[in-house]
Amino acid sequence: MMLRFGSIGGRAHAFFGDDRKPNAVDIERTLGLPADPMQCIGHWDELRSRIDELANSSARPVDLSELDCPVPRPSQLFAVGLNYRKHAEEMNSQTPSQPLVFAKFPSSLNSPTGTVTIVGDTCDYESEVVVVIAKGGRDIPVGEAWSHIAGLCAGQDVSDRGLQYAGAPPQFSLGKSRRGFSPIGPWVGDVREHPRRDTLAIGCSVNGEPRQNTEIHDMIFSIDKVVSFLSSIVELRSGDVIYTGSPSGVGHGMKPPKYLQPGDVIETTLEGVGTIINRCV
Ligand code: ZN
């Protein structure tokens, strides 16, 4: 059984059963661990070891729309750019020789079914695997990276391409940090023992039309390498969030480009973890 960790009403919950109509268990009421999701995630090893207690306690069925951002206040919100070869090609960019890291600012975080406010006519989707750190540290070896990871979320790195490419050279952080531009979820899925952990599929559709679908072994810098690389420079902390890059198929790379419009619905799925559904307004 896989631990799925998220937030309802600002309280840490575990989720069981159906992906779209899960059963939710309040972690503080069941295990006595902190109710605040940011504090609770620091107890990840205990959560994992007590999953049977969570699964056997009284749960209530919830709708995905009740879920908050599972990791609402990370101390750091990193993103990796151009981490899939075909995406670097469609963006007419070089393939990076080391992870190309930028910041998404945490005020852009959004809930799994939160609305995305479209600004201008060049906003774009990027479906991404999002890593959540359980146990921080510096200089984490590649071989130990997974023991520091709580799990993965599906995420959207919504991008205002006009702002991103307004100047030369382009910039990343602001164009990807507008209001609601960082929905993640629906929960943090603990895939440490998942048999397809390194080959899970990530993708999204817009209004039901498939746009992106790639397996994560196509990443140039794998999840364990990204975590190790970041920790060789900055201190990672419990609850930090890392976007690991978009595969190909973004609207900006199409001929002609297909940007997001108010009313569009973006559905982003990470295999084995779940789906987030974000409507553009
Ligand atoms: Zn991205």
- Query: Does segment 92-117 hold any residues that are open to solvent by 20 Å² or more (accessible area, probe 1.4 Å) and of a type in the set (S, T, Y), and which are they?
  - Reply: S93, T95, S97, S107, S111, T113, T115, T117
- Item | Of all residues making up segment 113-134, the number that are over 20 Å from S238 (Cα atoms), within 16 Å of the ligand (Cβ to nearest atom) and aliphatic (A, V, I, L, M) | 1
- Message: Can you say whether L82 is open to solvent by 40 Å² or more (accessible area, probe 1.4 Å), touching a Leu at 6+ places or on another chain (Cβ under 7 Å) and within 16 Å of the ligand (Cβ to nearest atom), as far as the supplied structure shows?
- Response: no
- Task: Name, by its number, the condition in (1) within 19 Å of the chain's Cα centre (by Cα); (2) modelled with pLDDT of 95 or more that does not hold for H87.
- Result: (2)
- Item | Test for D198: is it of a type in the set (D, E) and in a helix (DSSP H, G or I) | no
- Message: Filter segment 179-195 down to the residues that are part of a strand (DSSP E or B) and at positive phi and list them by number.
- Response: G185
- Message: So for segment 150-157 (the condition being in the same structural domain as S222 (by TED's automatic domain parsing) and either aromatic (F, W, Y) or open to solvent by 10 Å² or more (accessible area, probe 1.4 Å) (or both)), does at least one residue qualify?
- Response: no
- Query: Which of (1) open to solvent by 60 Å² or more (accessible area, probe 1.4 Å); (2) more than 30 Å from P256 (Cβ to Cβ); (3) in a helix (DSSP H, G or I) does E89 not meet, given it meets every other one?
  - Reply: (2)
- Message: For segment 244-251, check the following and say yes or no: at least one residue is open to solvent by less than 40 Å² (accessible area, probe 1.4 Å), out of contact with any Asp or Glu (no Cβ under 6 Å at 6 or more places or on another chain) and away from the ligand (no atom under 12 Å from the Cβ).
- Response: yes
- Being at pLDDT 95 or above, over 17 Å from the mean Cα position of the chain (by Cα) and open to solvent by 60 Å² or more (accessible area, probe 1.4 Å) narrows G9, G42 down to just G9
- Query: Which one is farthest from the ligand (Cβ to nearest atom), of the residues in segment 90-111 that are touching a helix residue (DSSP H, G or I) at 6+ places or on another chain (Cβ under 6 Å) and at pLDDT 95 or above?
  - Reply: P99
- Single condition Q171 does not satisfy, out of (1) open to solvent by 10 Å² or more (accessible area, probe 1.4 Å); (2) assigned to a loop (DSSP other than H, G, I, E, B); (3) modelled with pLDDT of 95 or more: (3)
- Message: Return the pair list, or none, for Cβ contacts closer than 6 Å from residues in segment 47-66 that are within 24 Å of H148 (Cβ to Cβ) to residues that are in a helix (DSSP H, G or I), at least 6 apart or on different chains.
- Response: R50/L31; L54/T30
- Limited to segment 52-72, what total is found for residues that are in a helix (DSSP H, G or I) and open to solvent by 20 Å² or more (accessible area, probe 1.4 Å)? 5
- Which of (1) in contact with a helix residue (DSSP H, G or I) (Cβ under 8 Å, 6 or more places away or on another chain); (2) closer than 19 Å to D240 by Cα; (3) outside any loop (DSSP other than H, G, I, E, B) is the odd one out, the single condition S147 does not satisfy? (1)
- Extreme residue, most open to solvent (accessible area, probe 1.4 Å), among residues of segment 175-196 that are in contact (Cβ under 8 Å) with a residue 24 or more places away in the chain and within 16 Å of the ligand (Cβ to nearest atom): R178
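The values are calculated or read from the model by the stated rules, or taken from the named source; none is laboratory data. If you're wondering where the values come from, they're calculated on a predicted model, not measured in any experiment. Heads up, the Cβs are rebuilt from the backbone with ideal geometry, glycines too, and the neighbour counts pull from every protein chain shown. These area figures cover heavy atoms from the full protein model, side chains too; ligands, DNA and RNA do not enter into them. Shrake-Rupley method; radii C 1.70, N 1.55, O 1.52, S 1.80 Å.
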